[in-house]
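Undergrad: Here you go, one structure.
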Amino acid sequence: MPFHVPAAASLFEAGQSGTIDRFTNEYLAGKLLDIGVRPGSRLRVVRKSPFGGSWYVKIDRQCLALRKKELACIMVK
């Protein structure tokens, strides 16, 4: 089984997916935990807006629009 180093979700392209490992920002982590996004959740990047302002992601069964700086705080493996 290969070892995967966690990377920021903002580095993913549309269609890529992974498992959330941890959050690097406590404030954002609190907001995401409140809506049920937890480490171990499956994240998939659905698409990016044309100018990169927001990204449409699916986390488990939820669809969310997040900013690039918010995705940079989500470490995915």
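We did not get these values from a lab; they are worked out from the coordinates using the rules stated. Here the structure is a predicted model, which is why all the values come from computation and not from measurement. Here Cβ is always computed from backbone atoms with ideal geometry, including for glycine, and neighbour counts include all displayed protein chains.
Undergrad: Within the range 29-59, track down each residue that is among the small types (Gly, Ala, Ser) and either in contact (Cβ under 8 Å) with a residue 60 or more places away in the chain or within 18 Å of LEU11 (Cα to Cα) (or both).
TA: Going residue by residue through the range 29-59, those that are among the small types (Gly, Ala, Ser) are 29-30, 36, 40-41, 49, 52-54.
Across the range 29-59, the qualifying residues are SER41, SER49, GLY52, GLY53, SER54.
Undergrad: From the residues in the range 13-28 that are over 11 Å from MET75 (Cα atoms) and touching a residue at least 12 places away in the same chain (Cβ under 8 Å), which one is surrounded by the most Cβ atoms within 10 Å (Cβ to Cβ)?
TA: Ranking the candidates gives LEU28 first.
Undergrad: For the range 38-77, give me each residue that is closer than 17 Å to PRO6 by Cα and hydrophobic (A, V, I, L, M, F, W, C).
TA: Listed by number, the residues that qualify are LEU43, VAL45, ILE59, LEU71, ALA72, CYS73, ILE74, MET75, VAL76.
Undergrad: Out of all the residues in the range 45-58, which are within 19 Å of LYS77 (Cα to Cα) and surrounded by 16 or more Cβ atoms within 10 Å (Cβ to Cβ)?
TA: VAL45, TRP55, VAL57 - these are the residues of the range 45-58 that are within 19 Å of LYS77 (Cα to Cα) and surrounded by 16 or more Cβ atoms within 10 Å (Cβ to Cβ).
Undergrad: Turning to a different aspect of this structure: Which residue pairs have Cβ atoms closer than 9 Å, lie 6 or more positions apart in sequence or on different chains, and pair a first residue in the range 60-74 that is among the small types (Gly, Ala, Ser) with a second residue that is outside any helix (DSSP H, G or I)?
TA: Listed by first residue and then by second, the contacts come to ALA65/SER49; ALA65/SER54; ALA65/TRP55; ALA65/TYR56; ALA65/VAL57; ALA72/ALA8; ALA72/THR24; ALA72/ASN25.
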